[in-house]
Amino acid sequence: MSELLQQLQCLRAVYRNSHRMVQSALAELFDISMSLGTVSKLRLEASNAITCCVDEAKHYIQQSRVVGADETSFRQGNIDGCNPKENQAWLWVAVTPLVTFFQIALTRCTQAAQNLLGENFTGILNSDRYAAYNWVNLERRQLCWAHLKREFTKISERTGVSKELGTALVKQQEKLFDLW
C-alpha cells in the first residue's frame, strides 16, 4: 500500500476524521490538493487492499483455542450510508495472544457475537456474563476476572452477611492471583 494510502487510512480510520477533514489535513500537512471523491475512492482502495488480511485475522480468531471477547457502544452516525436511523453501534473485539480483531455492528445480540467468533466456535471464551455469549457452552466459558473482582468488591461494601461473604471472596481472589 502506498504511503499516501496509509496516511489517508490513518486519518480516516484511526483518528475517525470525516472525508472533508482528511481532505483538509492532506492539503495543510502534505500540500496535497484532493477532491472529496478522490478521498472516498482512495479510502475504498485502502479498504479493499487489506480485505484478505482482515478475513485471515477473523478466521484465525475463530479457530483459536482461547479468545477474550467484549463489546462497547459508540455513536456511529451514518457516514457510510448503512445506518440511516443512526442507531447506536457496537465495537466488538476478540483478542488472542497473537491477533486482535475488531468488528463494528449495529447490534449487541447473539448473532453479532456468533459473527465475531464463528457459529461453530470450539475454543475457550473469556468474557463477561453478557447474554449474547450464552450460546457458548459453560464448560468453555471463563468469566472475566476484572468483572468478578468488581462484583466481589461491591458485595464486600454491603452490610451484614453480604459484607462477610464479599470480603471472603475478595481475599480468595487475591490468594488465587498471588499463587498464579
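Annotations for the structure displayed:
- Residues of region 3-51 that are loosely packed, with under 12 Cβ neighbours inside 10 Å, at pLDDT below 85 and more than 27 Å from the chain's Cα centre (by Cα): L29 alone.
- Among the candidates A112, A131, the residue that is buried (at least 17 other Cβ atoms within 10 Å of the Cβ) and farther than 18 Å from R65 by Cα is uniquely A112.
- Residue check for R43: in contact with a helix residue (DSSP H, G or I) (Cβ under 7 Å, 6 or more places away or on another chain) and assigned by TED's automatic domain parsing to the domain that holds Q23: yes
- The residue that is surrounded by the fewest Cβ atoms within 10 Å (Cβ to Cβ), counting only those in region 140-151 that are modelled with pLDDT under 95 and not in a strand (DSSP E or B), is A146.
The values are calculated or read from the model by the stated rules, or taken from the named source; none is laboratory data. Worth saying up front: this structure is predicted, and the values here are computed from it rather than measured. All Cβ positions, even for glycine, are placed from backbone atoms using ideal geometry, and neighbour counts span all protein chains on display.
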